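Okay, structure first, notes after.
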Amino acid sequence: MDTYLISVLSNIGMLAFIALSAYLLLLVGEISFGQQAFFAISAYAAGIATTMWGWPFWLGLVWGSILGGLAAMLVAIPTLKLRGLYFSIATLAFAEMVRLIFEIFTYQVEIDGELVGPDGSEGFRDIRLIYEQDISALQYMFIIYALLALVLLGFIILERSRLGATFRMIGEDPMLTEMQGLNVVAYKLIAATMAGSIAGIGGALYAHLATYVEPKIFNVMLGVHSLAYGLIGGLGTAFGPLIGVAIDIGVLESIRIASGYRMIVFGGLVAVLLIIRPRGLLDENAVHWLRQHWRRLFHAQS
C-alpha cells in the first residue's frame, strides 16, 4: 500500500477518536471546544510511560486513556451543574491552560547519553517505541483501526442500552429527564469521563506514530474540528463523526486543488450543513430510514 495513503488513513483513524469523544458529549446536549486537552494529556502521558519509564505500548495506551478520562471528569464535576454554555467555556479554558502548561513543562531523563522527555515549547521528541519494535506503518495502521473498531462496537452496544437511551433523552430534553427521577448531572459526568478516555486513546496513538508532540499541535482549532466532525457526519449514529473526519482529511486533504483552501471549504461545508441538516448527514431520521430499508431488503432476500 502507498505510504501516503497509509499516512492519510492513519490520520483519519486517530482523529476519529477525538471526533467520537466530542460526539458523545453532543449526545447529552453538551458542546465541548476542549477535547484536544485530553488528547494532549494522553499523548504526553503515554509517551512518557513508554519512552522514559520503559512501559510496554499497551500499558502506556491504557495509562494515557485513564488520565484523559480523569482529567475530563475533573473538568466536568464543577461545570456540569451550571446552565448554558459554561461547560463549553470551561472546556475551552481548560484546553488552553493545558497547552500553556505543556509550553513550560520540562521533565527529562538521560537515556543512552541523551536527554529524553518533554522540554517545554521544544516539545517531546523520540517517542520511538513502535519503530524500535519493528512495527511498520501499515501494521500500526491496522492497530489504530482495530482499536477504533472496538470503540465503535462499544458505541453500538451503548446505543442499544438503557444508558445510551438515557444519554439521548438528556440531549433532547434534560428537564423531562429530571422529572422522571434521573440524575442528569451524574449521567453527563459519565459521558464526559468516557469522552475524555476515548480522546485519550487517540492521543496515545498519535504520539507513537508521529514520534514527536509539541504544545501548538493541540490548539483550539483541533477542538473546533473535533466538534465539527459530528455536526457534518451526523448525530444519529457513531459512524457520523467518522464521515466528518473522512470528508475533512480523506477528501479535502487529498485533493490537491482544495488542499490550500481546506479551512475555507471545511468551514463553508459546516455552515451549509447546519442550515440544511442541523444534525448532520446521518441524523436520526436518516439512520431510521437506512435501518428500515435494510430490514426490507433483508426480508425480501430471505
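Coordinate-derived values only; no laboratory data. Since the structure is predicted, the reported quantities are computational estimates derived from the model, not experimental observations. Don't worry about glycine lacking a Cβ; one is built from the backbone with ideal geometry, like all the others, and counts go over all protein chains shown.
For a Förster distance of 45 Å, can you work out the FRET efficiency between the beta-carbons of SER136 and LEU176, rounded to the nearest 0.05? Computed FRET efficiency for SER136 and LEU176 comes out at 0.30. With a point put 7 Å past each Cα toward its Cβ, work out how far ILE104 is from MET263 in nm, to one decimal. Result: 2.7 nm between the two label points. Residues of the chain were split at every exposed loop site, defined as trypsin sites (Lys or Arg not before Pro) in a DSSP loop with at most 13 other C-beta atoms within 10 angstrom, and the longest piece left, sites excluded, is 161-302. Remark: TYR4, TYR86 ranked as TYR4, TYR86, counting other beta-carbon atoms within 10 Å and listing the fewest first. Remark: SER10, SER88 ranked as SER88, SER10, counting other beta-carbon atoms within 10 Å and listing the fewest first. Extension gain for ARG128 to MET1 (0.36 nm times residue separation, less C-alpha to C-alpha distance): 43.5 nm. With helices as the sole contributors, the chain gives -23000 deg cm²/dmol at 222 nm; each DSSP H run of n ≥ 4 counts as -39500 (n - 2.57), and the sum is divided by every residue. From least to most packed, judged by other beta carbons within 10 angstrom and beginning with the fewest, PHE38, PHE155, PHE105, PHE218 follow the order PHE105, PHE155, PHE218, PHE38.
Considering only MET97, VAL185, VAL251, and ranking their Cα positions along the charge dipole of the chain that arises from unit charges at the beta-carbon of Lys, Arg, Asp and Glu, the one farthest toward the positive end is VAL185.
Each Lys or Arg adds one and each Asp or Glu takes one away; over the other residues whose Cβ falls under 15 Å from the Cβ of THR166, this sums to -1. A full extension of the chain between MET97 and ARG160 corresponds to an added length of 19.0 nm, given 0.36 nm per residue minus the alpha carbon distance. Pick the calculated Rg/Rh (Cα atoms, Kirkwood Rh) for this structure from [x] 0.99; [y] 1.01; [z] 1.27? Looking at Rg/Rh (Cα atoms, Kirkwood Rh) for this model, the match is [x].
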